[in-house]
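The values are calculated or read from the model by the stated rules, or taken from the named source; none is laboratory data. Because the structure is predicted, anything quoted here is derived from the model rather than measured. Surface areas here come from the heavy atoms of the whole protein model, side chains and all, with no ligands, DNA or RNA. Shrake-Rupley method; radii C 1.70, N 1.55, O 1.52, S 1.80 Å.
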Amino acid sequence: MSSQDEPSSRSEQIATDIRDAIRAGQLKRGVLYSSRELGERFGASRTPVREALLRLADLGLVKIERNRGARVLGQDGRGIVELCSLRVMLEPPAARSAAAVMTARDDAALTAEFEIMKERADGGAEYFAADERLHDLIMRASGNLRLAKFVAELRQTLSLDGRYSVPEHQPVEVALQDHLDIIEALRRRDGAAAERTMRKHIVRSGDLLVAHSSQDNRGLLAEWRRWVEVAVPDGEHIQF
């Protein structure tokens, strides 16, 4: 690793640590944290902490307050619509690209993560960790590592707000079948089917997340479904 890469890698790790702390409730929403305080908590100097906070501000997770620090925000309903819309625009075509270049080793890696999901089908942390790794494997197999990194950040941000509520509103067997359909399409190297099944999965989960993001969600649902109409090719039927 070059000396130029080290600060960036360190700030990425701090950003991940802060996201995890927010998800675990160790950093509270609405609370202002100084760079110094966060540096002491995560064992880092102020520079990578500030860079990490800027990354998280771009994702809408914190608000930078000049000369004071950063306030933890999380995502509101509109933020969830924006994140899910990006996913439905990016992940299905990436799955199609992955199908063209997947290897037997990739197939085995996907199957291993899927088996973990089946074994941990209680919707707990291990289930979702395997889910994230499975999606990341597909995105990386597409060959576009920038896209893979961006989508991983989207998914990590969504995990803070509402993703863990999905099993309350959808049987885990439905999500497992979605993932199996994606894996089988990739194993057949059927790019069109991989794209279609990925889109079906993201639309289904996105619809649940948006629907339960707030009590008054009619406008949010309408906006989300407009983005779905943009993403879905003519002739492909999506059932909400």
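Brief remarks follow.
- Crossing angle, helix 145-158 versus the chain [Cα axis fit, 0-90 degrees, rounded to tens]: 80
- Excluding ligands, DNA and RNA, the accessible surface per residue across the range 4-61 is 54 Å² with a 1.4 Å probe.
- Gyration tensor over alpha-carbon atoms, the chain, equivalent ellipsoid semi-axes in Å: 31, 22, 16
- Debye equation applied to the C-alpha atoms of the range 55-133, log10 I(q)/I(0) at 0.22 Å⁻¹: -1.06
- Average 1/r across all pairs of distinct alpha carbons in the range 179-240, invert it, and you get the Kirkwood radius: 12.6 Å.
- Relative to the longest principal axis of the Cα atoms of the chain, the long axis of helix 104-119 lies at roughly 80 degrees.
- Across the range 1-110, counting alpha-carbon atoms alone, Rg and Dmax equal 17.4, 52 Å.
- Within the accessible area of the chain, the carbon and sulfur atoms contribute 48%, probe 1.4 Å, all protein chains present.
- With contacts taken as Cα pairs under 8 Å at a separation of at least 6 residues, the chain carries a relative contact order of 22 percent.
- Partner lysines whose Cα lies under 25 Å from the Cα of residue 200, excluding those fewer than 8 positions away in the same chain, are identified as 118, 149.
- Residue-averaged 222 nm ellipticity for the chain, from DSSP H runs of 4+ at -39500 (n - 2.57), nearest 500: -22500 deg cm²/dmol
- Within the range 104-240, all pairs of alpha-carbon atoms sorted by distance into 10 Å bins from zero give the percentages 11, 41, 39, 9, 0.
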